[in-house]
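What follows is one structure encoded as structure tokens, with my remarks underneath.
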Amino acid sequence: MFRCGAVIGLLLALLGAMGGRPAEARETVIDDTYTIDLPQDWGAVQIEPGYMLFYSQDRNVVFLVTVGQSMPRHREITAPMARSFDHLRQGSPDRFASLMRIKPKRVAVTVIGDHPDRVRVYRSIKALPGNKLMQEWGGGGN
């Protein structure tokens, strides 16, 4: 629990330090498994190996992304962090979704909150070819 609290504290400090204006998206490779196109003003924090948090500058949406986990395990891993962002869900049940984005690589995503770029960022998550996870679980594509 302390670990989660420390990560949340670090995240809040990073969020508070952010400034500037929106710019074009940048493609980022994560865990040699997938890419994500993040707007320049979005941030990323590695919670632990195979577990990333992406967030908008306005703090209205966060993405919790795990690699190599089943959906039940993804939800278990992300639950403490997801609870810390419950305030982003208020007023609308569609401000929370957990989905398997890339099944062959088990890239699971929880999206909390709302933002104009939310759907575009989610759809930008693409598999890198020739990854061990893809060979292990078979298949290809998204």
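The values are calculated or read from the model by the stated rules, or taken from the named source; none is laboratory data. On a predicted model such as this, the values are computed, not experimentally measured, just so you know. So basically every Cβ, Gly included, is an ideal-geometry build from the backbone, and we count neighbours across all protein chains shown.
Brief remarks on what is shown
- Among (1) polar (S, T, N, Q); (2) surrounded by fewer than 19 Cβ atoms within 10 Å (Cβ to Cβ); (3) under 21 Å from VAL29 (Cβ atoms), the one test that THR110 misses: (2)
- Residue in the range 125-142 that is surrounded by 12 or more Cβ atoms within 10 Å (Cβ to Cβ), polar (S, T, N, Q) and at pLDDT 90 or above present: no
- Summed over the range 59-89, the residues that are in contact with a strand residue (DSSP E or B) (Cβ under 7 Å, 6 or more places away or on another chain) and either buried (at least 21 other Cβ atoms within 10 Å of the Cβ) or under 13 Å from HIS115 (Cβ atoms) (or both) give a count of 12.
- Tally, over the range 30-51, of residues that are surrounded by 15 or more Cβ atoms within 10 Å (Cβ to Cβ), more than 15 Å from ALA127 (Cβ to Cβ) and under 10 Å from the mean Cα position of the chain (by Cα): 3
- The set of residues in the range 64-92 being under 13 Å from VAL111 (Cβ atoms), over 14 Å from the mean Cα position of the chain (by Cα), part of a helix (DSSP H, G or I) and not hydrophobic (A, V, I, L, M, F, W, C) consists of ARG89 alone.
- Any chance SER56 is surrounded by fewer than 18 Cβ atoms within 10 Å (Cβ to Cβ) and either among the polar types (S, T, N, Q) or at pLDDT below 95 (or both): no
- Any pair with Cβ under 6 angstrom, 6 or more apart, that starts in the range 92-110 at a residue that is touching a residue at least 12 places away in the same chain (Cβ under 8 Å) and on the phi > 0 side of the Ramachandran plot and ends at one that is part of a loop (DSSP other than H, G, I, E, B) and surrounded by 16 or more Cβ atoms within 10 Å (Cβ to Cβ): ARG106/GLY68; ARG106/GLN69
- Residues in the range 76-94 that are over 17 Å from TYR122 (Cβ atoms) and of a type in the set (D, E, K, R): GLU76, ARG83, ASP86.
- HIS87 meets the conditions (1) at pLDDT 95 or above; (2) within 23 Å of GLY43 (Cβ to Cβ) in every case but one. The failed one is (1).
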